[in-house]
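Every read-out reported here was derived from the displayed coordinates using simple, explicitly stated rules and does not represent laboratory data. The model shown is predicted, which means the values in this text are computed figures rather than measured ones. When we count neighbours, we look across all protein chains shown, and the Cβ atoms used for this are built from the backbone with ideal geometry, even at glycine.
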Amino acid sequence: MNSTLKVGVSAISKNISPFNIYSCDYEICRALFPPLFKMSKEGHLLPNIIEQWEINDCDNEYLLVLRKDIYFHNGRKALARDIEFSLCRGMMKGARSTFSELLSDIEGYEEVSQTNKYVPNMCSGIKVIDDYRLKIKLKHLNLLFLKYFTRSALSIVPREEFLENDLWVWKDNPIGVGAYCYESLSEDSKVLTLKKNEDYLEERIDSFDKLQFVVYTDVSQVDLLAEVENQTENEFDILKSPISVTIAIEYFVLHDKDKMWKELRSLINLALNKEDILSSIPKTERSIYSPAHSFLPETILDVPNHEEELINFNFQAAKENYLLKWGYIPQLSIIVYNNYSEHSHLRKMQNKLYHLLSAKGFDVVKTELSSLHESLLDTQQHILVSSSSFNYNDPEDLSLFFSSDKEIYRANTGTLMNIRGLLKDAKKEINMNKRNKMYRKVEELVIENSLVFPIALTYESYLFRKSKMDGKSFFDQFYQPAYEYIKPLTLETM
């Protein structure tokens, strides 16, 4: 059976590769670049590219054993030195800071992060033992370390397929070891076709022969969408992922001296009503959202509800007091993140936020970004409506949130340094009650400094064509979606 699944995306990156992916790339990345480990629905680590692993008694050294039947899409067998190269590349200049930070506990990270030229054995904390074994040594204890590698964004790539002088540009096409490999890209870069990789671990006979990633303008063009949007046809159904997320407003922090900006963020929060923001979503689709009072995972109990703290404050009076104290209100900049499609709920919320704040008398503009580390005017307060998987892959893991000082929280205020220190300590804490106590302290600092304004709890969800695929098979085996397990529907199975 010759079968093709069409997957809707907002854009197609020609140089997509691990450690350099954005929101629009996630689905393509999952097909091309499998993670080193899988995670069970219960949150347990499972073998994938790595078949065995050992951890020393001090929990700071890892022995990883690569499977012997892994091949890159160019036909070459994957070896331990490819893992070493891929991790060093992930530490270097050019890697997206969100993912590079995940490797920052490896011994020798600082030295490698200062260069963009790879040489074998350049990282003191990574030692290749033989073709299939390597050791990784951490300078700081991190009990969550291996779970980071359940992300496709930390997968492996072959050195020979990149330009000699630029490790972020492919010589030709993206090459990974995933279930699907590159076949073609349309001239207008709107349709990327991947074909089944017959060498992928064990062949999935009942999966789709081809995947087409389509920059779509209408839902009728595709069979699967990684975001729920306005449903105009009954042919589609919503598939709920096990991955829960928080929809929140995040405020860029660009100034080390933050007092005026902190008070501005508090003023903006007073001007907002969560229901007004959610009203941008059609009522038929609003059921996937529930009110959020915190950005912390639901597994961390006893999180206080801070809503009442805002009710007794009058926005207009607060605005007048702000003007008396500071003399002016800086311009607000709503970040329009291009990695979210124009049809998505997040784009609708971004537009709604713009109109709500304009109606409150703020001077508001829109700023388009394709990545969160682009240069921004420090005379503006930049605001992002984000879908943040703070608890992605591990309900207790918040270590990604404020870890990077290159994207949203760029400044080094006392509060941000305190938060980063708490999260670093939490990674080392084996006692869950103590770890959660640290997270609640982070929550307290975030609320006190108006860094995040939670809007709603939801979950990663997919819109899928009921006549084309078995939706449940997408998450049939693991916590994360897996294209190699999607079952096409035929007349016999319908």
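Think of the chain as having a plus end and a minus end, set by charges on the Cβ of Lys, Arg, Asp and Glu; of 182, 4, 37, 37 sits farthest toward the positive end of this dipole. Based on C-alpha pairs under 8 angstrom that are at least 6 apart in sequence, the chain has a relative contact order of 22 percent. Take the Cα of residue 195, step 7 Å toward its Cβ, do the same at residue 93, and the gap between the two points is 4.0 nm.
Near the amide H of residue 382, within less than 5 Å, lie the amide hydrogens of 252, 333, all on another chain or at least 5 residues away, with H placed in the peptide plane. The helix-based estimate of mean residue ellipticity at 222 nm for the chain, built from -39,500 (n - 2.57) per DSSP H run of four or more residues and divided by its residue count, is -6500 deg cm²/dmol to the nearest 500.
In what order do 469, 91, 438 fall by count of nearby beta-carbon atoms within 10 Å, going from fewest to most?
Values: 469 21, 91 27, 438 18.
Going from least to most buried by this count: 438, 469, 91.
For the range 12-170, the square roots of the Cα gyration tensor eigenvalues, ordered a ≥ b ≥ c, give a/c below 1.5, which places it in the rounded category. Within the shell of other residues whose beta carbon sits under 11 angstrom from the beta carbon of residue 121, the net charge comes to +1, with Lys and Arg scored +1 and Asp and Glu -1.
The order of 115, 458, 193, going from fewest to most other C-beta atoms within 10 Å of their C-beta, is 115, 193, 458. The length gained on full extension between residue 119 and residue 331, counted as 0.36 nm times the residue separation minus their Cα-Cα distance, comes to 71.7 nm. Summarising the label geometry, the points placed 7 Å from Cα in the beta-carbon direction at residue 165 and residue 257 lie 4.3 nm from one another.
Dipole size of the range 12-170 about its Cα centre, with +1 on Lys/Arg Cβ and -1 on Asp/Glu Cβ: approximately 300 debye, rounded to the nearest 20.
Cα-Cα pairs above 40 Å in the chain: how many percent?
Values: 26844 of 121771 pairs.
It works out to 22 percent of all Cα pairs.
Positive end of the dipole of the chain (Cβ unit charges, origin at the Cα centre): among 28, 461, 249, the Cα lying farthest that way belongs to 249. Cα centroids of the range 24-56 and the range 344-389: how far apart, whole angstrom? Using only Cα atoms, the two centres lie 33 Å from each other.
For the chain, what is the charge dipole size about the Cα centre, in debye to the nearest 20, if Lys and Arg each add +1 at the Cβ and Asp and Glu each add -1 at the Cβ? That gives a dipole near 560 debye.
Based only on other Cβ atoms within 10 Å, what is the fewest-to-most ordering of 325, 437?
Numbers: 325 10, 437 16.
So the ranking, lowest neighbour count to highest, is 325, 437.
With the cut-off at under 20 Å, measuring from each backbone N in the range 329-352 to a point 7 Å along the Cα-to-Cβ line of residue 276 picks out 329-336, 346-352.
When each of the peptides 247-255, 354-362 is scored by how many other beta carbons lie within 10 Å of its residues on average, the order from highest to lowest is 247-255, 354-362. Specify which residue in the list 126, 225, 116 is farthest towards the positive end of the charge dipole of the chain, using unit charges on the beta carbon of Lys, Arg (+1) and Asp, Glu (-1), about the Cα centre. Most positive-ward Cα: 116.
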